[in-house]
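Down below is the structure, laid out as structure tokens.
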Amino acid sequence: MPARILLMVVCFGLLAFEVPAAAFKGGIVHGEQHAFLIEAPPGWVLDNQSGVSQGLNAVFYPKGSSWSEASAVMYASMAGKKKEGLNTVQEVIDHDLAKFKRGNPKITMTKGRPIKTADGKTAQVCLFRGDQWGNQEAVAYINEKNVVAILVLSSRSQSDFQKSLPAFEKLVASYRFYTDKVQIQQKPKEDKD
């Protein structure tokens, strides 16, 4: 089931993590077997509508820009371990690199500096370069029991990528896993009699 974002109005979640409600400008990304909290970095917008057609329900871009026009954007995703047959973060990284290389054989990957998350985990960061459009990406992989949470910075230029790295680091550092016991209620189907 695709991840969905629910803007933060859940007082229990705020209290459980001792985050002052007035200071929190983030949301919960949730789907099958995962729910995690992330916060928009200063100067960035959390948008839960613009990326939906691409299967991305939590996208970020600089204030005053848009998801489609920004030269640097960020988004949240995840890889289900059972669903995708991947058991470790390294297997997810290898899978992503192989997928990227199928469309862009010249793409390269280097390891970035790990980032500590708000809940004490270590996000492994990989840097991808060399696609046919000159895009650059920083991808943080965070291991959980049933999923690997993925946070991505994607930029169209080296200078915008470098300028956006501190915001990416703040996004990753704001990550807190919430629960793997997620129940998503489906809307009842309407009879069309």
Flagged in the range 111-124 as touching an Asp or Glu at 6+ places or on another chain (Cβ under 9 Å) and not in a loop (DSSP other than H, G, I, E, B), in numbering order, are I115
Provide a single number: the residues in the range 143-176 that are crowded, with 24+ Cβ neighbours inside 10 Å and either farther than 26 Å from E91 by Cβ or in contact with a His (Cβ under 6 Å, 6 or more places away or on another chain) (or both). 2
Single residue of the range 39-75 satisfying the filter (buried (at least 16 other Cβ atoms within 10 Å of the Cβ) and of a type in the set (S, T, N, Q)) that is nearest to F161 (Cα to Cα): S71
Going through (1) at pLDDT 95 or above; (2) over 22 Å from W44 (Cα atoms); (3) in contact with an Asp or Glu (Cβ under 7 Å, 6 or more places away or on another chain) one by one, I107 fails only at (1)
What's the number of the only condition in (1) modelled with pLDDT of 90 or more; (2) in contact with a Gly (Cβ under 8 Å, 6 or more places away or on another chain); (3) not aliphatic (A, V, I, L, M) that D131 fails to meet? (1)
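Out of everything in the range 76-91 that is in a strand (DSSP E or B) and of a type in the set (A, V, I, L, M, F, W, C), what residue ends up being farthest from F161 (Cα to Cα)?
Among them, the one singled out is A79.
The values are calculated or read from the model by the stated rules, or taken from the named source; none is laboratory data. It should be emphasised that the depicted structure is a prediction, and the values quoted were computed from it without experimental measurement. Cβ atoms come from the backbone with ideal geometry, glycine included; neighbour counts cover every protein chain shown.
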